[in-house]
Amino acid sequence: MKVVYWSSTGNTERMAQMLGEELEKLGGSAKVQEVSSASPSDLEGEAVFALGCSAMGDEELDEGEMEPFVQEVEKFASGKKIGLFGSYDWGDGEWMRKWEARMKEAGADVVGTVIANNEPGDEDQENLAGLAKALLG
């Protein structure tokens with residue numbers, strides 16, 4: 001399974017690695033990669049995948065790399081099973097709620113979202129394990 005992320009401080013990168021580890025513990029495979037080394041077309045043929053991005057600015061996706069990537073994914077997201085994750089430092093997770101709504105509007109089956117306040121901890125690990133189960137289930 002592909003796990004594509006963008007991280008500003010390393011926290012969302014760590015979450016991507018944790019999700020990859022959880023997928024593998026459950027017998028799945030995971031290819032974890034930064035969005036800069038991925039292409040939306042890499043996901044087009046996938047039935048299931050995960051996307052991660054930390055909150056930026058006024059609780060938005062990164063505008064430089066992740067936003068354009070997500071815009072392309074929205075074009076083929078219908079019928080795909082998608083998990084979303086990311087970290088934030090301020091606010092209340094509005095960026096994740098907006099992102100989830102966008103993916104659902106595009107027809108995706110968003111099976112779960114996980115957000116961590118700054119550095120991911122044990123509870124976030126448990127939540128990522130739950131997301132891995134939902135993605136593989």
| query | Out of (1) closer than 16 Å to residue 134 by Cα; (2) more than 13 Å from the chain's Cα centre (by Cα); (3) surrounded by fewer than 18 Cβ atoms within 10 Å (Cβ to Cβ); (4) not polar (S, T, N, Q), what's the single condition that is false for residue 100? | reply | (2)
| Restricting attention to the range 74-90, which residues are over 12 Å from the mean Cα position of the chain (by Cα) and surrounded by 14 or more Cβ atoms within 10 Å (Cβ to Cβ)? | 74, 76, 77, 80, 88
| request: Taking only the range 1-27 into account, find how many residues are assigned to a helix (DSSP H, G or I), touching a residue at least 40 places away in the same chain (Cβ under 8 Å) and surrounded by 14 or more Cβ atoms within 10 Å (Cβ to Cβ). | output: 9
| request: Filter the range 103-129 for residues that are over 16 Å from residue 54 (Cα atoms), more than 12 Å from the chain's Cα centre (by Cα) and of a type outside the set (Gly, Ala, Ser) and give the result. | output: 104, 105, 109, 122, 123, 125, 126, 127
| request: Please specify each residue of the range 28-77 satisfying the condition of being part of a strand (DSSP E or B) and at pLDDT 95 or above. | output: 31, 32, 33, 34, 48, 49, 50, 51, 52, 53
| Selection status of residue 44, free of Cβ contacts under 8 Å to residues at least 12 places away in the same chain, out of contact with any helix residue (DSSP H, G or I) (no Cβ under 8 Å at 6 or more places or on another chain) and either closer than 16 Å to residue 14 by Cβ or surrounded by fewer than 17 Cβ atoms within 10 Å (Cβ to Cβ) (or both) | no
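The values are calculated or read from the model by the stated rules, or taken from the named source; none is laboratory data. The structure presented is a predicted model; accordingly, all values stated were derived computationally and were not measured. Here Cβ is always computed from backbone atoms with ideal geometry, including for glycine, and neighbour counts include all displayed protein chains.
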